[in-house]
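A short worksheet on the structure shown next.
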Amino acid sequence: MSRFRFTAGPWNVHEGADAFGPEVRASIPLEEKVAKFAELGLSGVQFHDDDAVPGLNEMTEGEIRAEAGKIRALLDRYNLAAEFVAPRLWMDPHTVDGGFTSNSAEDREFALWRAYRSIDIARVLGCNKIVLWLAREGTLCAESKNPVENVRRLIDAVNAMLRYDDRIEVLIEPKPNEPIDRSFCPTTGHVMAISAATVDPARVGCVLESAHAILAGLDPANEMAFALAFSKLGSVHLNDQNGMKFDQDKSFGAENLRQAFNQVKVLCENNYGSRGEFVGLDVKVMRTQRAEACYQHIANSIRVVEMLEKKVERFDYDYQAKCVAARDYEALEGYVLRLLLGDV
Ligand code: GLO
Ligand code: MG
């Protein structure tokens, strides 16, 4: 049994398409995914605005709220919470060149409209968190955008959201690249700086995704620690990643168990979750898998977190202190590896 409450999004059970190939599995209806999430022991669901309200561009604000109400009822049936709503600003014809930092004023306006509607949906779903994964807020052609002006635009967009609703919390999910080449907000440090520049820093935090930190050449546990030091770790997206290449969203721990252990350790040591934070699993099943196996990666990831929590409970802090006092870090490292391999 874990100390954490887990969530995932509908996109974590997906059709298997990648940049070079079509879908290999049939789409599963949202209700079926939600039922399965409950069965897997998740406590909540993460949503894109259009996961909750498909086709929202063509709908009035009233219609959007009514549709969101149906999702609220669905969640209630399965006793699941909504963790957050994220405006999906990377799929739309209006946001080919980005949302808040598009070179087109009309597209920037559209991005804000979607952000406001995400807040409306979040209210109906009973949650107060908006996630901004700033997918296309950067450049493919470095000279195509003014980077200073666009960092300020990001701050303005967050301010507009904070003003739109005085209870909403905005969590920025940094990622250095993919689908764009150069992001305007690639790491936790950038998120902290943007947060500090907004009209209400207490309501602007970070979602740290393991794979995104690795893609930036950084250590996910230290990135989490950095946000924790500012009391600004609003959520995490645990997963794994084999080096600096395309975003893989592998099952948690599948590549680097020690790195996974240190993520669980920093979360446990800092009582993550005690303020209602969830542990999100932003994992994707391999393209090769048949439909029957397409929840296995979520179950595996939960299991790995639970097993690593046990390792954290067994971690010998006295021995660590002795090693530190003697500056015997080789002994400490050897101990950690034996602990992880079940030899102590
Ligand atoms: C992709 C992101 C993505 C977001 C999700 C929520 O790299 O990790 O999965 O977490 O869309 O905004
Ligand atoms: Mg993510």
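The values are calculated or read from the model by the stated rules, or taken from the named source; none is laboratory data. Just so it is clear, the model here is predicted, and its values are computed rather than measured. Please note: Cβ atoms are built from the backbone with ideal geometry, for glycine as well, and neighbour counts cover all protein chains shown. Remember, those area values only see protein heavy atoms, side chains included, never the ligands or the DNA or RNA. Shrake-Rupley method; radii C 1.70, N 1.55, O 1.52, S 1.80 Å.
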Discussion item. Which entries of LYS284/LYS310; LYS36/LYS250; LYS284/LYS311; LYS70/LYS284; LYS36/LYS245; LYS33/LYS311 have Cα-Cα distances beyond 29 Å here?
Written reply: LYS36/LYS245; LYS33/LYS311
Practice prompt. Would you please classify the overall shape of the chain from the alpha carbon gyration tensor, given that a ≥ b ≥ c denote the square roots of the eigenvalues, rounded means a/c under 1.5, and beyond that prolate means a/b larger than b/c while oblate covers the rest?
Written response: prolate
Worksheet item: Taking the simple approach of a point 7 Å from Cα along Cα-to-Cβ for both ASP328 and VAL199, what is their distance in nm?
Response: 5.8 nm
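Compute the FRET efficiency between GLU61 and ALA142 as 1/(1 + (r/R0)^6), taking r as their Cβ-Cβ distance and R0 = 30 Å, and round to the nearest 0.05. Write out the running numbers ahead of the final one.
Details: r = 38 Å, r/R0 = 1.26.
About 0.20, to the nearest 0.05.
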Practice prompt. Using a Förster distance of 30 angstrom, determine the FRET efficiency expected from the C-beta separation of ARG163 and ASN222, and round it to 0.05.
Written response: 0.35
Item to complete: Using a 1.4 angstrom probe on the protein heavy atoms only, line up GLU178, GLU58, GLU109, GLU32 by accessible area, largest first.
Response: GLU58, GLU109, GLU32, GLU178
Discussion item. Test of the criteria: in the stretch 218-273, which trypsin sites (Lys or Arg not before Pro) are in a DSSP loop and have at most 16 other Cβ atoms within 10 angstrom of their Cβ?
Written reply: LYS245
Worksheet item: Cα centroids of the stretch 110-175 and the stretch 187-245: how far apart, whole angstrom?
Response: 16 Å
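By how many nm would the segment from GLU39 to PHE230 lengthen if fully extended, with 0.36 nm per residue of separation less the alpha-carbon distance?
Values: separation 191, 0.36 × 191 = 68.76 nm, distance 3.50 nm.
Stretched out fully, the GLU39 to PHE230 stretch lengthens by 65.3 nm.
From the alpha carbon gyration tensor of the stretch 182-285, can you work out the equivalent ellipsoid semi-axes (sqrt of 5 times each eigenvalue) and give them in Å, largest to smallest? Walk me through the intermediate numbers first.
Working: eigenvalues 96, 55, 24 Å².
Ellipsoid half-lengths, sorted descending, are 22, 17, 11 Å.
What is the stretch 225-316 by shape, rounded, prolate or oblate, if you read a ≥ b ≥ c off the alpha carbon gyration tensor as root eigenvalues and call it rounded for a/c under 1.5, prolate for a/b larger than b/c, and oblate otherwise? Write out the running numbers ahead of the final one.
Values: a/c = 1.82, a/b = 1.64, b/c = 1.11.
Since a/c reaches 1.5 and a/b is larger than b/c, the shape of the stretch 225-316 is classed as prolate.
Full-extension gain between THR288 and ALA321, please, as 0.36 nm times their residue separation minus the C-alpha to C-alpha distance. List each step's numbers first, then the result.
Details: separation 33, 0.36 × 33 = 11.88 nm, distance 4.58 nm.
Full-extension gain reported as 7.3 nm.
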Worksheet item: FRET efficiency for ARG338 and ASN270, Cβ-Cβ distance as r, R0 = 22 Å, nearest 0.05?
Response: 0.30
Fill in: GLN296 paired with GLU313, simple spin-label distance in nm, labels 7 Å along Cα-to-beta-carbon
2.8 nm
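Residues with beta-carbon under 13 Å from that of TYR295, excluding TYR295: net charge, scoring Lys, Arg +1 and Asp, Glu -1? Mind showing how you got there, number by number?
Numbers: positive: ARG25, LYS33, LYS36, LYS284, ARG290, ARG303; negative: GLU32, GLU39, GLU292.
Computed value for this residue: +3.
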Discussion item. As a test of reading the structure, rank GLU83, GLU313 by solvent-accessible area (1.4 Å probe, protein chains only), most first.
Written reply: GLU313, GLU83
Worksheet entry | Distance from the stretch 47-89 to the stretch 11-44 (C-alpha centre basis), Å | 17 Å
Fill in: In the stretch 79-181, the trypsin sites (Lys or Arg not before Pro) that fall in loop regions by DSSP, at most 16 other Cβ within 10 Å
ARG167
